[in-house]
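A short worksheet on the structure shown next.
The values are calculated or read from the model by the stated rules, or taken from the named source; none is laboratory data. Not measured: the values here are computed from a predicted model. We place every Cβ from the backbone using ideal geometry, glycine too, and count neighbours over all the protein chains shown. Ligands, DNA and RNA are stripped out before the accessible areas are found, and what is left, the full protein with its side chains, is counted by its heavy atoms. Shrake-Rupley method; radii C 1.70, N 1.55, O 1.52, S 1.80 Å.
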Amino acid sequence: MPLRLEARPEPSRAMLWLSPVLAAVLAAAGGGLVFAALGYDPLVALRTLFLDPLSTLDGLTELGLKATPLLLCAIGIAVAVQAGLWNIGAEGQLTMGAIAGGGIALAFGGEGHWWILPAMLLAGAAGGAAWAAIPALLKTRFHAHEILTTLMLSYVAVQFLGWLVHGPWIDPEGFNFPQSRMFEADALLPVLVEGTRLHAGVLLALLAVPLAWALLARTVAGYRLRTIGLAPRAARYAGFSAARGTWLGLCLAGALAGLAGLCEAAGPVGQLQPLMSPGYGFAAIIVAFLGRLQPFGILLAALLMALIYLGGEQLQVSMQLPIAATGTIQGMLLFFLLASDVFIDRRLVRVARRHA
Amino acid sequence: MSPTPPRLALTGIVKRYGATLANDEVALSVAPGEIHALLGENGAGKSTLMKIVYGVVAPDAGEIAWDGRPVAIADPNAARRLGIGMVFQHFSLFETLTVAENIALGLGSTRPLEALAAEIRQVAARYGLAVDPGRHVHHLSVGERQRIEILRCLLQQPRLLILDEPTSVLTPQEVEGLFAMLRRLAAEGCSVLYISHKLEEIRALCSAATVLRAGRVAARCDPRAETAESLAEMMIGGRVVRTTRAARQPGPPCLVVDRLTLAPEEPFGTTLRDIALELRAGEILGIAGVAGNGQAELLAALAGERRSAAARIALDGRPVGHLGPAARRARGLAFIPEERLGRGAIADYSLAENALLTRLDARTAPRGLLDPGAVRALATRLIARFGVRAAGIAARGRSLSGGNMQKFIVGREIDAGPRVLLAAHPTWGVDIGAAVAIHQALLDLAAAGAGILVVSEDLDELLGLADRIAVLAGGRLSPPVPVAETGAEAIGLLMGSAPGDAQRMADAAAA
């Protein structure tokens, strides 16, 4: 019996939230097949990937650590997407945030000033926002699409950081390794759980969840952003400025990504290195859509994505699987999510026979 | 019983979409050479039935007989092979191609264009359709574009021509031309299926009618023997409520436009030239004209979506030309736009969120924070006050019928207590009950002292509603005339100067 996709009369709300769960299950199954094809026991590999990290305190704190930048970046991306803005450049904004905040640490660290950490946080957010302001300017002035400009500026930011840590900011006592001095103690985020790396940045990320929800659901600014994203002509009719929406949406996304970068620099890394993130800014795009662009959904999605990063590291250590395994699972997650999302607006029906 | 079988006979046609029965055991019979009206409100199932005849959708049950033989119409190509031609409400023409090129594409013809052009001229002359095959479509008025679509069908020697709401875009004079052509076609033996809700036209043109209501055949009649009122009652299945108007005394001017000239934002848009108008408090001013003559541009300029020099537009004596829509709204202007979903309201928003679109103020959003209780109260009040049929304030915009969505938008704007209301095609595509309610709401608002500007293509609507009527043609606005001193004929003559012609004359004068 042939099957056909048919438009649903109303988008399915059940499918809207079932789709990410389905995608996660299918990605795990797909991952198992890949592991089996590589000659590993798929059950052992999947347990190492998804369960082992959750069985120890160390694993749980590492999960929170990795979820922090994902959560911050993904919330920013989601706010922008709700305003109809495709910010693909969180990675670059994250990098610029690390540079701006890290610069303060390198300039004023070790002097014991109480304001160093707050200044670093502000500078981190400002650095990310400033980097995202460039695409906002290009879009409002020249109609350049932000998908291209944010993505391309990501590479510029990473190259800029590379130049800094190879050149002017290189640690003079670092045996010529391309990295900055370690930050002094007063320029590091306080650790929350003694003996682990979980730092206060996770609290900022958790705070961002209800704040972003309140912005979108309970403020005039959020209502305007959503209207601009859903129906630009209705926004124009109401008198909501699309240009102002572009500036606000992109700068907010940039600020959150910049904060994520600063939290990496002043948290687990403790200095500036050529690469501040293993692709958190890009993985956050998957997280944002997996969490249905809703802040509380994104919290769950960020934990899942952090688990994949963490489990991927475990696979490398305990089973000598290549790091590409992590990327493979991430890719499958997005692939299956997009496939499952088809069924929010459509359903499968049997093709009815034409009338006799 | 007639000796010749009917050209088209439908029996027991059923088409179901999800939970709704679009067509329920519909039977329809069209004799050769007959002009047959298909009547019904929006959502009565007219379009679905015509799509079945034209092979666009397959029926779930039922039979189609063509000249007495049962047939299966698998797709529009099969329909065209049988001799069925269809002129849709929305044209599918390429703006940048010529008339002949468009027709060649539509026919899938491989003949040389010169030969086709000659045949187009010949057929056009035979039916009195003035069309130049060599002209580019973007120069043409809506009426001329419709003639291309009709010609495209005529070149295939149709034996049944279906027209879907063909006169909604025509001037009264163009309507006469169309009717003459259809009568000639029918006299030659071609059947015509005429879909419309304009009852006077149907009485003038058609010799048989099938009335659909909620997917079923509600009545069959000879429209010549009926009145417009009795036809309307067959359509809605009850008595038609009439609007009542209180005597009004126009007050001081509340909206004044002074020599406004504005170039279009979009390619193929219309330049507004030297627009002057004065709307008085308590008055309804109608702007007639065929769409595409600057209506959208004028409304955008008045509502503030397009800015102009401050002094060009004055609201209650104060210049507002430089202000955006929100600032003008704060000064007492309200606007009911032409498109409901996507502009006046948002399909994915709840009614509560849709109420907020133009009603962000100190009550619903104090200090930039939304007050959910106040928003709910606003939406609840709009639904109750204007009789909007919806599942509640959480219902999504997409779930409302066109008429109910429009009642909600009209209600939202009137409830704001505007000094000036702009209404674009306020009852377009709305059922009779909702249209009467909307007209009554506008009359009541004017009686309460607001000035109302109604832009509509429906002359009957304007003649029934407005105190004065002006005509917008080619981006120029005629001086308004009191409705008591004019009629459809006189206004039609003003509308008749095709936009292209006026534009070209103006361009030539400027060069």
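Does the stretch B:8-236 come out rounded, prolate or oblate, given a ≥ b ≥ c as the square roots of the eigenvalues of its C-alpha gyration tensor, rounded meaning a/c under 1.5 and, failing that, prolate meaning a/b above b/c? Prolate shape, in that a/c is at least 1.5 and a/b is the bigger ratio. Within the stretch B:349-375, the residues that become at least 50 Å² less accessible when every protein chain is included than when their own chain is isolated (1.4 Å probe; DNA, RNA and ligands ignored) are B:Tyr349, B:Leu357, B:Leu360, B:Leu370. Within the assembled protein chains, the solvent-accessible surface assigned to A:Trp131 is about 40 Å², based on a 1.4 Å probe. In loop segments of the stretch B:127-199 as defined by DSSP, the GluC sites (Glu not before Pro) with at most 14 further C-beta atoms inside 10 Å of their C-beta are B:Glu188. Taking every protein chain into account, the 1.4 Å probe leaves B:Lys198 with about 40 Å² of accessible area, to the nearest ten. When nucleic acids and ligands are ignored and a 1.4 Å probe is applied, A:Val21 ends up with an accessible area of around 90 Å².
Dipole magnitude for the stretch A:58-191: about 560 debye, using +1 per Lys or Arg Cβ and -1 per Asp or Glu Cβ, origin at the Cα centre. What is the stretch A:57-321 by shape, rounded, prolate or oblate, if you read a ≥ b ≥ c off the alpha carbon gyration tensor as root eigenvalues and call it rounded for a/c under 1.5, prolate for a/b larger than b/c, and oblate otherwise? Prolate. Backbone geometry of the stretch B:276-284 corresponds, through the Karplus equation with coefficients 6.51, -1.76 and 1.60 at θ = phi - 60°, to 3J(HN,Hα) couplings of 10, 8, 9, 9, 9, 4, x, 10, 10 Hz, x marking Gly and Pro.
For A:Ala339 and B:Ala263, the FRET efficiency from 1/(1 + (r/R0)^6), where r spans their Cβ atoms and R0 equals 41 Å, is about 0.30. Taking the C-alpha atoms only, the angle from helix A:146-166 to the longest principal axis of chain A is near 30 degrees. The distance separating the Cα centre of the stretch B:227-242 from that of the stretch A:1-70 comes to 60 Å.
The trypsin sites (Lys or Arg not before Pro) of the stretch B:257-365 that meet both conditions, a loop assignment by DSSP and at most 13 other Cβ atoms within 10 Å of the site Cβ, are B:Arg363.
Amide H contacts under 5 Å for A:Thr219: B:Leu370, restricted to partners 5 or more places along the chain or on a different chain, H placed in the peptide plane at 1.01 Å from N. About its Cα centre, chain A has a charge dipole of approximately 2200 debye under the convention of +1 per Lys or Arg Cβ and -1 per Asp or Glu Cβ, with nothing else charged. Here's the list of aspartates and glutamates a cross-link from A:Lys66 could span, going by alpha-carbon distance under 20 Å and ignoring same-chain residues fewer than 8 apart: A:Asp52, A:Asp58, A:Glu91, A:Glu194, A:Glu264, A:Glu313. Taking the centroid of alpha carbons for each part, the stretch B:1-78 and the stretch B:400-448 are 35 Å apart. From the alpha carbon centroid of the stretch A:258-305 to that of the stretch B:131-197 is 61 Å. When the square roots of the Cα gyration tensor eigenvalues are ordered a ≥ b ≥ c, the ratio a/c for the stretch B:257-346 is under 1.5, which makes its shape rounded. Between A:Arg244 and A:His113, the simple label model (points 7 Å from Cα in the Cβ direction) yields a spacing of 3.5 nm. Helix B:432-447 and the long axis of chain B differ in direction by around 30°, with both axes built from C-alpha atoms.
From helices alone, the protein assembly as shown scores -15500 deg cm²/dmol at 222 nm; the rule is -39500 (n - 2.57) for each run of n ≥ 4 DSSP H residues, then divide by the residue total. Each DSSP beta bridge with both residues in the stretch B:253-510 is either parallel or antiparallel, and the antiparallel ones are about 45%.
For chain A, a Gaussian network of Cα nodes joined below 10 Å ranks A:Ala157, A:Ala119, A:Ala283 by mean-square fluctuation, and the top entry is A:Ala119. For B:Ala74 and B:Asp348, the FRET efficiency from 1/(1 + (r/R0)^6), where r spans their Cβ atoms and R0 equals 25 Å, is about 0.10.
Each label was represented as a point 7 Å from its Cα along the Cα-to-Cβ direction; for A:Ser55 and B:Arg111 these points are 8.2 nm apart.
Per-residue Karplus couplings for the stretch B:93-104, computed as 6.51 cos²θ - 1.76 cosθ + 1.60 with θ equal to phi - 60°, are listed in order as 10, 8, 4, 8, 9, 7, 4, 5, 5, 4, 5, 4 Hz, Gly and Pro entered as x. Listed values for the stretch A:15-30 are Karplus-derived 3J(HN,Hα) couplings in whole Hz (6.51 cos²θ - 1.76 cosθ + 1.60, θ = phi - 60°), namely 5, 4, 9, 6, 4, x, 5, 4, 4, 5, 5, 5, 5, 5, 4, x, and x replaces Gly and Pro.
Going by accessible surface with a 1.4 Å probe and the largest first, A:Cys251, A:Cys263 read A:Cys251, A:Cys263. For B:Asn23, the amide hydrogen comes within under 5 Å of the amide hydrogens of B:Lys15, counting only partners 5 or more places away or on other chains and with H modelled in the peptide plane.
Would you list which lysines come within 23 Å of B:Lys198, measuring only between C-alpha atoms, while excluding same-chain residues fewer than 8 positions from it? Output for B:Lys198: B:Lys46, B:Lys51, B:Lys407. Put simply, the amide H of A:Leu192, placed in the peptide plane, has neighbours under 5 Å in A:Leu198, A:His199, A:Ala200, leaving out anything fewer than 5 places away on its chain.
Here the spin labels are modelled as points 7 Å beyond Cα on the Cα-Cβ line, and at B:Ala447 and A:Val25 they lie 6.2 nm apart. Between 0 and 90 degrees, the angle of helix A:57-82 with respect to the longest Cα principal axis of chain A falls at about 70 degrees. Peptide A:228-236 has a mean shielding of 6, counted as Cβ atoms of other protein chains within 10 Å of each residue's Cβ. Put B:Leu494, B:Leu161, B:Leu93 in order of accessible area, highest first, and with a 1.4 Å probe you get B:Leu494, B:Leu93, B:Leu161.
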